[in-house]
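Have a look at the structure below, then the notes.
Readers should treat all values here as calculations from the given coordinates under stated rules, not as data from a laboratory. Everything numeric in this text was worked out from a predicted model, so none of it was measured. Here the Cβ positions follow ideal geometry from the backbone for every residue, glycine too, while neighbour counts run over all protein chains shown.
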Amino acid sequence: MNQNTQSIDDTIDLKELLFSILQQWKVIFICILFTVISTLIYLKITKDTYSVDAKIQIIDSKQNPLSSLAPQLASLSSLAGLDIGGSQQTTQTEIEILKSRSVLVQAIEDLNLDIQIKPVNSLWQKITTSDKFYTDYSKEAVQIFDNKNIFSIKKIEIPKEYLDQNLILSFNGYNFSLSDEKTGLELLKGKVNQNLSINGWNIIIASKQPVQGQYITQKQTTFTAVKTVLLALKIAETAKQTGIVNITYSGTDKAHIIKVLNQIIKIYQAQRLATKSAEKEKTLNFLDNQLPQLKKSLEQAEQKFNTFRETNGTIDIQQESALYLKQSIELETQKIQLEQKKAELTAQYTAQHPAIQAIQAQIAMLSDKISTLDNALTKLPNKQSQYLQYFREVQVQTQLYTNLLGTYQTLSLAKAGEMGNIRILDYPIEPIKPKKLVILILSIFVGGFIGVLIALVRKMLQTGVRHREEIEQAVGIKTYVELPKAKKKVAPELHALKTFIPTLRFKLQQKQHNVALITSVTPDQNQGVIAQHLALYLSQAGQKVLVIDSDLYRGELDQLFKSTSKVGLAEYLRGQANLDQIIVNTTYPNLSLIGRGQSNDEASISSHQSIFAQLMQQISNQYDYILISSAPVLATSDSLNLAQFTGFNLCLVQYGQTQLKDIELAKSYFVNAGLEIDGLILDQIPSYQINQYQYRTSK
């Protein structure tokens, strides 16, 4: 049973929370409107950022000419864990080269990218004016176009202490000045179209027309300029092992980013071609040294072989000897190839390099095999052994010389036809940020979230009472009426008061009294309207009813009943009017009114209690019911003084506003005075928290 009750309470709380947020839709709307306006301002003052993409294909044409000399060299690469043959240079290596200082510094120098400049504009200027500022970077100068201002910075050299510092470049016609942005100190003055050289400054600014305005200028160090370029440069392989590299450069000037990316690729391509040509040249020089030696060795081997044949004639060799000869030729060829490869790599690496050590291990292994075959050949007859040695040497030298000569011719042809192996595939340009639609949609959600958060905080700050059960359990006072909160510019719905009228009559009859008091714990803006309708509903039964407005400072029954009387209760208490003058018949039958009159600091119930007691004696028998509307309990003591003349005391409590401790305090005031609060009216309840049942006649 308790679990069910808890579940119901939780559901009601969630419902209350939801509707309380919806009730504060104006707060949410204002927050959304504020964030949208702020976002529009941000989008207005923020420049669009564009990106230019270039895809380059790394085509492998770097094949070491010695790699074709021996198939077994392919196994060395796996043995050493390196690419010592003619394999493709990895794409990651090319990416690092593209981002290296050797490429970027050259691009910075070619385009003067170490000069940064932008106009000085206030926030209002950014909002109200369109941005027409753009630059044209070249090796000769940096040209600036800013609306009607057109000028070029051909040269700017500054002292080291001002590098990477913002300087204000101010123009006034054909004169300009440079000042420190931080200190505002003027550093130097000069004239356009003249070379200004003084104390480490060397500046040339050219313009064919007068220039007006201010610009933030910065001369960057090489390190800072490279860092700036790298921030805008993104390089990555489109997919693994494709050899296609995507290069993206971003910025706010479309033409400028295309020029920068073109320059970077141009420099990279030129450096790569130069590197490849240098490698081929180095290999050709190596072969130039080896070919004459091999040719000489070949001629000597042939001469020895021919001399042996002339002396001994033709020698018939056995099948086993022929097999030894074939294996020996192959091993000697491989060994010489490895020795040549080792000689080439020795020019690039030390003896401890894994590639050198791997070749050395392979040579040692081949030497062991050759030594074994040589031992086998020595067991043959003397003439056959000498014949096989001479023949083997001729065959080995001939094969090596032929291969190297072919490689030399191939390299010479490749060097003569060397060309770039990078292809620029596409240059699509599109704005990448800010994503205006996305940011605008996000701003709506952020504004809504902030609005809901504020609504929740306001809801949490409303710690007043919300349920009649809460009041009855804590204070022990019964709530007789629950009144909904009135919508703006609409009279409050007070039909629930009609159902209370029989109860009020019964309570007064029980106490044999005809006077009721209506007051509030804290000020309630609806108290006058509630008192008016209670009196009206009492009079509709044909009984005479008098309503007294005893709130001498803020009473409003005069206005509600549209009374034109100039005197009221205040004048009566001060002795300035008699009873007949202050009682006014309203436009409603059987209903009369005593207004509050013109109050001042001297008028109060507590200071004229005896006079008010006489008033009550005079009127108590003239009316069937008398209803007194009094000032709040915690504001003045009037309610306690008036309660001595009443038989039933009603107190207004505001939903979510009146604190439970305030109700307890008000009750204690009455109890200490020997009185009691007979009942409560819970006012200004949200419509979603109250059930209203209406029964109307059919049309």
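What to note about this one:
- Compactness index (Cα Rg / 2.2 N^0.38 Å), the range 115-219: 1.03
- In order through the range 537-542: 3J(HN,Hα) via Karplus (6.51 cos²θ - 1.76 cosθ + 1.60), integer Hz, x for Gly, Pro: 5, 5, 6, 6, 8, x
- Environment charge at PRO523 (Cβ cut-off 11 Å; Lys +1, Arg +1, Asp -1, Glu -1): -1
- Close amide H pairs (under 5 Å, H built 1.01 Å from N) link THR658 with VAL465, residues at least 5 positions away or on another chain.
- Summing charges over all other residues whose Cβ lies under 14 Å from the Cβ of TYR625, with Lys and Arg as +1 and Asp and Glu as -1, gives +3.
- A convex hull fitted around the alpha carbon atoms of the range 468-689 yields 123 Å³ per residue.
- Sequence-distant residues sharing a close amide H with THR49 (under 5 Å, placed H): ILE432, LYS433
- Total charge dipole magnitude, the range 468-689, about the Cα centre, Cβ charges on Lys, Arg, Asp, Glu only, Debye to nearest 20: 500 debye
- Coupling constants for the range 546-561 follow from the phi torsions by the Karplus curve (6.51 cos²θ - 1.76 cosθ + 1.60, θ = phi - 60°), and in residue order they are 10, 10, 10, 8, 9, 7, 6, 10, 10, x, 9, 5, 4, 5, 5, 8 Hz; glycine and proline get x.
- Pairwise centroid distance, computed over Cα atoms, of the range 129-191 with the range 228-244, Å: 34 Å
- Each Lys or Arg adds one and each Asp or Glu takes one away; over the other residues whose Cβ falls under 12 Å from the Cβ of GLN362, this sums to +2.
- A cut-off of 5 Å between modelled amide H atoms, ignoring neighbours fewer than 5 places along the same chain, links GLY213 with PHE171.
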